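Below is one structure, written out as structure tokens, with a few remarks after it.
The values are calculated or read from the model by the stated rules, or taken from the named source; none is laboratory data. Because the structure is a prediction, the values reported are computed rather than measured. Every residue, glycine as well, gets a Cβ built from its backbone with ideal geometry; the counts of neighbours run over all protein chains shown.
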């Protein structure tokens with residue numbers, strides 16, 4: 001980049017890309033939800049993340065995905081799986 005291009009960029013209408021994307025109507029934010037499965041000790045940890053418009057939408061969708069994973073790996077109908085407990089932690 002030469003001096004003329006640099007001055008044009010400096011004095012021109014350059015806009016920060018983060019500001020443009022942040023306020024676009026369709027722009028979505030990244031949310032992350034973690035499920036910890038335990039009895040007396042931690043048995044397993046699942047994490048899902050995705051882009052959603054609102055925190056409520058993200059929490060609902062991610063928790064459902066994690067529940068599906070838990071049901072696939074630890075079906076309720078099998079012996080000791082009935083004693084499993086779980087908790088969610090949500091980062092938005």
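Give the residue that is surrounded by the most Cβ atoms within 10 Å (Cβ to Cβ), with candidates limited to residues of region 47-86 that are more than 12 Å from the chain's Cα centre (by Cα) and part of a strand (DSSP E or B).
Filtering region 47-86 for residues that are more than 12 Å from the chain's Cα centre (by Cα) and part of a strand (DSSP E or B), the one surrounded by the most Cβ atoms within 10 Å (Cβ to Cβ) comes out as 86.
Assess whether residue 46 counts as being modelled with pLDDT of 85 or more and touching a helix residue (DSSP H, G or I) at 6+ places or on another chain (Cβ under 6 Å). Steps first, answer last, please.
Details: modelled with pLDDT of 85 or more: yes; touching a helix residue (DSSP H, G or I) at 6+ places or on another chain (Cβ under 6 Å): yes.
Yes.
Just to verify a result, which residue in region 1-43, among those that are touching a helix residue (DSSP H, G or I) at 6+ places or on another chain (Cβ under 7 Å) and over 23 Å from residue 54 (Cα atoms), is modelled with the highest pLDDT? Step through it out loud before you land on a result.
Going through region 1-43, the residues touching a helix residue (DSSP H, G or I) at 6+ places or on another chain (Cβ under 7 Å) turn out to be 27, 31, 33, 35, 37, 39.
Narrowing further to those that are over 23 Å from residue 54 (Cα atoms): 37, 39.
Working: 37: 86, 39: 82.
Once the filter is applied, the top-ranked residue is 37.
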